[in-house]
Amino acid sequence: MKALSKKRRHPLAAVALLLFGLLVTGSLYTAAGSISEAKAADTTSASVTDVEEGQKLFVANCATCHGMSAEGTADGPSLIGVGAAAVDFQVGTGRMPMQMQGPQAQAKPVQFDDEQISQLSAYVASLGAGPAIPGEDVLDTTQGDAAQGGTIFRVNCAMCHNAAAGGGALTRGKFAPTLAGVSEKHIYEAMATGPQNMPVFNDSNITPDDKRDVITFLKTIEANGSAGGAALGNLGPVAEGLFVWTAGLGIIIAFTIWLTSRPS
Amino acid sequence: MGDHSHGSPEESGTVAKADDVAQDRFPDPGLPPHRPRLADRDPRAAKRHERQVALLFTISIIGTLFFFVAYFVLGRLGEMTFAELRVQNAALGLGTAFAMLGIGVGIVHWAKTLMPDHELVEQRHEISSEKDRQDAVDIIDTVIEETGIKRRPLIRNTLIGAIALAPIPAIFMFRDLDRTGKTAHQMIEQMRHTLWDTGVRLTRDPSGTPIKASDVQLGSAFHVIPEGLENAENMLNEKAKAVVLLMRMDPQEMNISEGREDWHVDGIVAYSKICTHVGCPIALYEQHTHHLLCPCHQSTFDLANECKVIFGPAGHALPQLPITVDADGYLVAQSDFHEPVGPSYWERG
Amino acid sequence: MATTNEYTPSTTTGRLANFVDSRVGASGMVKEFGRKIFPDHWSFMFGEVALYTFVLLLLSGTFLTFFFDPSMTHITYNGSYVPLKGIGMSAAMASTMDISFDVRGGLFMRQVHHWSALLFVASLSVHMLRVFFTGAFRRPRELNWVVGGVLLIMGLAAGFTGYSLPDDLLSGNGLRIIDGVMKALPIVGTYLSMFFFGGEFPGVHVIPRLYSLHIMIVPAVIILLLVIHLFMVVTHKHTQYPGPGRTNDNVVGFPVGPVYAAKAGGFFFIVFGIVAFISGLFQINPIWNYGPYDPSPVSAGTQPDWYIGFVDGALRLMPGYLGNFSFEWIIPFPWGDNTLVLSVLLPALVPAGVLFMVMFAWPWIERWVTKDNREHHLLDRPRNAPFRTAMGAAGVVFYCVMWAAASSDLIATHFHVALNDVTYWLRILFFLGPIFAFWITRRICLSLQRKDREIVLHGREAGIIQMSPEGGFSEKHEEVDVYKRFLLTSYNDNKYIPAQPDAAGHVSGSEKRRAALSKFFFEDRVAPVTPSELEAAHAAHGHHEVEGEKQDSIEK
């Protein structure tokens, strides 16, 4: 260690460090790139035809807002570099195509079948590098750690989505949706791509393993349900107060009226 | 219109007398005639009510027994699944509810149908008579007179002084509620400082791993704690001041004021996560609108304008943490915050 | 020391009573209370609900203290709940987790405690609203009204100190808000916060301190006030609604033994049963969802329990800036700048202060305006005191606007409106709502009084349509019986009392203000039907000429 710290001051140290840094990032990037290529390969079987089919679908359904070659218009952002995951999430949850312009795209019945979605994804992925559709291994909740995932969820997600994933309000008509019933894949893709106003949680912020832990946590609490009876929407003290004032006092008033009434 | 008759000077301040309202009123017809109940007229109905009451008490007994079933059969120590716990909790609740409602409804039903239901009349009495009051005043006067407190002002005044002073130590006793052992000045100084300092690395919350500038892509948000936080004395106190939100936006879109030009790294900015209103963590970052929203009271801050308040109750902008990159490419603080973080207080200035 | 003529009991009850009475002298109490009359009405039961839920709080609370560890020592959770296993948390949180998952029936008791607490404050509030709207606070019960008001505040204190104890994320952020509000107090705020938390927030001292308050001082004060409150109820005897046979000098109702005691006693079990039912089937405060307190995370929908909601809502409604005007004032003093945080101080203190001050002072305000210092044991039907009912409604709306603001985010997500718009609307309602409520309520009361007049003068609509020989249709009206007529005509009718000069012939400023208020409250009023009016109406044979009669009786 001593030797190393002495050499740190050497004039060539900076150059060496730079070279080392470039080497590491470069190799990591190639590794990451090849992984995502591999994933792209196994989610899309016949790449070339898929891209072509996807382009046709895109021109017919998406180009009005996103532009003929996905370069973006005043009505929709550019999709170059958003990656297959973004398309799979947006189209796969029915958010795209949007019904109308609004504060945010809403989930609704899905417009395309799985094959069409993967063709669209393949086309958009071919436009520029971006997050790929996650593989099965990072979605496998049996390998995740729910406690670790819960900690990450509380720090990074709970402020918008609520600690029990019940959803919450954002500014000017936007909102964070509830996460109950959202598939593992879509949760992962949302974290990786940051749909709408959600921030992006790239792999250097929350690693794929951490993302799997978060998904494990969400699926655990969803499977658990509530321990103490009906959860009242998991909305916290407001729902509880409303319940006491309506149902609680309602039952009590019914009893008081019976108690003070005169029998026939 | 008829009111003016009250307005004579002699009557000023007095209240309306009971009898002037009573004139030209309908007479009180007295209590309506008593209507007998079914059970009063029909012994069979009474018998039926008796059986109903007994049935309700039996339901209570069954409820209590059911509670024991829920406690011993459905419940066990150790790990229970949520479903088991929910069933047990519901069973305990329903058992108790039937045990209690059986008794309660039974007794009330008994009282309503079988106990006499003639309304009785009781006269009110004055709370205390004029004479009693006069006697009491006389007694108090005598007691005061016998103490001689009015005649001996020296005793009276020193007693008042002593009594006024005596509770003050009790207030000062609470001085050591503050367990830090520091002077007020030191404490206020401490509130102004956080763990951030020149060269302290920005690390991920909660893992504590450092963040490279290249990790932070456009539109992402990192929740950040200072390096070495987990080893700090009073970790939570330090964390409560030092948490930071790290975001990246296009430098073109940012309005940067004079003196803060080099506080960001290529559009990567760090702001205190503690709301300047009453201190909730403001962690809701909207990547396209660049708004930061506090979930507690909805203060909204605009990241493009150095986190100035654009909506809600907060009174000043979020403090910005000046950052830079160190030789290894990791994000580090240039210094501590330049102003106190969190809610405003008197000494903040 | 036996005397020759000692009372010798002949029955078992008698022997038992004799044993007790010759030692503690209980016969006086039995004589006083045994057949004491209590009037019976469903709206009189809310005080009992509050009392019984308080008993439930004591019972379930004692159970919880056996397992709860009020310590902020940092430990690692190793209980049964998997998604928090191995996570660091305070001993308080861990023991609350253990109560929920590792003590049989512990979760049920926690839920009983928390639901009872919500119901306790709710029933206290409804009880106070009943007392207010029926005028039961008037002489001689003004002091009991004040005691009741203090009980409400103590109820809030008990609830707040208890809310924070589990040291979960939700309650921790609640404490953080309290810290922020404390620090906003000028001059003393920072020190108060340091003393409260034992140093900087959150420290390791606040939970044990809140625990002492929650299980000792606050309940002790509540019990003390409760005893005073009930003692005064017994001294005053209960009020009753007006009606035939019910006067200001009597009480009509059921004797304590047996009917009233049976009903009241049975009602305890009913309240217990209802709370047990709710606690068994509905989850409350799932701390395992929120996780342990940590200053960095926060959950969407972070709100206090309902009874603190109105203060939280006021904090949300306050704008920090109006245009460029900041409500955070930096005041330059010779020794340096100090900060006056009006954006926190105003909403935290002013609305609650105004509400409680008007509430406490109302019996005296009303006495001053009406110059009515008589003893009142007969209640007002709310419609027969339009000014008071309208003031009460204004207060309720004022409270409810702030209360709604505390859930502005949930209103936004559930009704699909923008969060900001909800806040803007509620800000407007904060000022206009009470005024509208006052005006509308008073109009409704006056209309109901007019309807009562109609019923007395014209009788009840019988629902039978008659055809006259001329071919016109009309509805038959049935005359009301004497009992109903007495109920509808026997109310206390407040009139406008103009300013009156004092003994020296001088009209003081305060008297002028009183007269102005009196005019505001009583200018519009509907007088009860008098026998002579009814006679005139009968003379006119129930036709619509009575309209002319009304002009005289409805004074303007």
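The values are calculated or read from the model by the stated rules, or taken from the named source; none is laboratory data. Fair warning: this is a prediction, and the values are worked out from it, not measured in the lab. Glycine gets a Cβ as well: all are built from the backbone with ideal geometry, and neighbour counts include every protein chain shown. Remember, those area values only see protein heavy atoms, side chains included, never the ligands or the DNA or RNA. Shrake-Rupley method; radii C 1.70, N 1.55, O 1.52, S 1.80 Å.
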May I ask you to list pairs of residues, at least six apart or on different chains, whose Cβ atoms are under 6 Å apart, with the first in the range B:76-87 being more than 9 Å from chain A (Cβ to nearest Cβ) and the second being at pLDDT 85 or above and surrounded by 14 or more Cβ atoms within 10 Å (Cβ to Cβ)?
B:79/C:80
Those residues that are open to solvent by less than 10 Å² (accessible area, probe 1.4 Å) and either facing chain C (nearest Cβ under 8 Å) or not in a loop (DSSP other than H, G, I, E, B) (or both), I need them from the range B:245-274; list them, please.
B:245, B:246, B:247, B:268, B:269, B:270, B:271, B:272, B:273, B:274
Considering each of C:14, C:79, C:34, C:28 in turn, give the residue that is open to solvent by less than 20 Å² (accessible area, probe 1.4 Å) and not assigned by TED's automatic domain parsing to the domain that holds residue C:257.
C:14
Give all pairs with beta carbons closer than 6 Å in which a residue from the range C:231-254 that is in the same structural domain as residue C:375 (by TED's automatic domain parsing) and over 19 Å from residue C:133 (Cβ atoms) meets a residue that is surrounded by 20 or more Cβ atoms within 10 Å (Cβ to Cβ) and among the hydroxyl-bearing types (Ser, Thr, Tyr); count only pairs at least 6 apart in sequence or on separate chains.
C:254/C:260
So residue C:500 fits all but one of (1) facing chain B (nearest Cβ under 7 Å); (2) touching a residue at least 24 places away in the same chain (Cβ under 8 Å); what number is the exception?
(2)
Cβ-Cβ below 9 Å, separation at least six or inter-chain, first residue in the range C:504-525 and more than 23 Å from residue C:442 (Cα to Cα), second open to solvent by 40 Å² or more (accessible area, probe 1.4 Å) and at pLDDT 90 or above: which pairs?
C:510/C:368
Only one residue in A:71, A:37, A:52 is part of a helix (DSSP H, G or I) and modelled with pLDDT of 65 or more, so which one is that?
A:52
Here are B:92, B:159: which of them is under 44 Å from the mean Cα position of the chain (by Cα), of a type in the set (A, V, I, L, M), surrounded by 13 or more Cβ atoms within 10 Å (Cβ to Cβ) and at negative phi?
B:92
Taking residue C:139 as meeting all but one of (1) out of contact with any helix residue (DSSP H, G or I) (no Cβ under 6 Å at 6 or more places or on another chain); (2) over 30 Å from residue C:386 (Cα atoms), write down the number of the exception.
(2)
Take residue B:344 and decide whether it is more than 12 Å from every other protein chain (Cβ to nearest Cβ), at pLDDT below 95 and not in a strand (DSSP E or B).
no
Can you tell which of C:358, C:401, C:422 is crowded, with 20+ Cβ neighbours inside 10 Å and away from chain A (no Cβ under 14 Å)?
C:401
Could you tell me how many of the residues in the range C:262-298 are within 26 Å of the chain's Cα centre (by Cα), open to solvent by less than 10 Å² (accessible area, probe 1.4 Å) and facing chain B (nearest Cβ under 7 Å)?
6
Single condition residue A:191 does not satisfy, out of (1) within 9 Å of chain C (Cβ to nearest Cβ); (2) in contact with a helix residue (DSSP H, G or I) (Cβ under 6 Å, 6 or more places away or on another chain)
(1)
Across the range C:454-497, what is the total count of residues that are under 25 Å from residue C:380 (Cα atoms), more than 9 Å from chain B (Cβ to nearest Cβ) and open to solvent by 70 Å² or more (accessible area, probe 1.4 Å)?
3
Is at least one residue of the range B:296-304 more than 7 Å from every other protein chain (Cβ to nearest Cβ) and open to solvent by 30 Å² or more (accessible area, probe 1.4 Å)?
no
Anything in the range B:202-243 that is over 30 Å from the mean Cα position of the chain (by Cα), more than 10 Å from chain A (Cβ to nearest Cβ) and in a helix (DSSP H, G or I)? List them, or say none.
B:213, B:229, B:230, B:231
If we keep only residues of the range A:217-233 that are in a helix (DSSP H, G or I) and out of contact with any helix residue (DSSP H, G or I) (no Cβ under 7 Å at 6 or more places or on another chain), then the residue nearest to the other protein chains (Cβ to nearest Cβ) is A:223
Going through the range B:86-138 one residue at a time, which ones are in contact with a Leu (Cβ under 7 Å, 6 or more places away or on another chain) and assigned by TED's automatic domain parsing to the domain that holds residue B:76?
B:87, B:88, B:89, B:90, B:91, B:93, B:102, B:105, B:106, B:108, B:109
Expected single match for modelled with pLDDT of 95 or more, over 23 Å from residue C:297 (Cβ atoms), in the same structural domain as residue C:294 (by TED's automatic domain parsing) and not in a loop (DSSP other than H, G, I, E, B) among C:194, C:154 is C:154
Just give me the residues in the range A:203-216 being open to solvent by less than 20 Å² (accessible area, probe 1.4 Å) and part of a loop (DSSP other than H, G, I, E, B), in sequence order.
A:205, A:206
Pairing a residue in the range B:182-200 that is in a loop (DSSP other than H, G, I, E, B) with any residue that is surrounded by fewer than 18 Cβ atoms within 10 Å (Cβ to Cβ), where Cβ atoms lie under 6 Å and the two sit 6 or more apart in sequence or on different chains, gives B:198/B:335
For the range A:107-147, what are the residues that are modelled with pLDDT of 85 or more, under 18 Å from the mean Cα position of the chain (by Cα) and more than 30 Å from residue A:51 (Cα to Cα)?
A:144, A:146
Which ones in the range C:171-198 are of a type outside the set (Phe, Trp, Tyr), at the interface with another protein chain (Cβ under 7 Å from one of its Cβ atoms) and in contact with a helix residue (DSSP H, G or I) (Cβ under 7 Å, 6 or more places away or on another chain)?
C:179, C:180, C:181, C:183, C:184, C:186, C:187, C:189, C:190, C:194, C:198
Conditions (1) of a type in the set (A, V, I, L, M); (2) more than 27 Å from residue A:168 (Cβ to Cβ); (3) touching a residue at least 60 places away in the same chain (Cβ under 8 Å); (4) open to solvent by less than 40 Å² (accessible area, probe 1.4 Å): number failed by residue C:396
(4)
Single condition residue C:202 does not satisfy, out of (1) farther than 15 Å from residue C:70 by Cβ; (2) facing chain B (nearest Cβ under 9 Å); (3) surrounded by 23 or more Cβ atoms within 10 Å (Cβ to Cβ):
(1)
Within the range B:169-180, track down each residue that is more than 15 Å from residue C:193 (Cα to Cα) and open to solvent by 70 Å² or more (accessible area, probe 1.4 Å).
B:169, B:171, B:172, B:173
Provide a single number: the residues in the range B:229-256 that are modelled with pLDDT under 90 and among the small types (Gly, Ala, Ser).
1
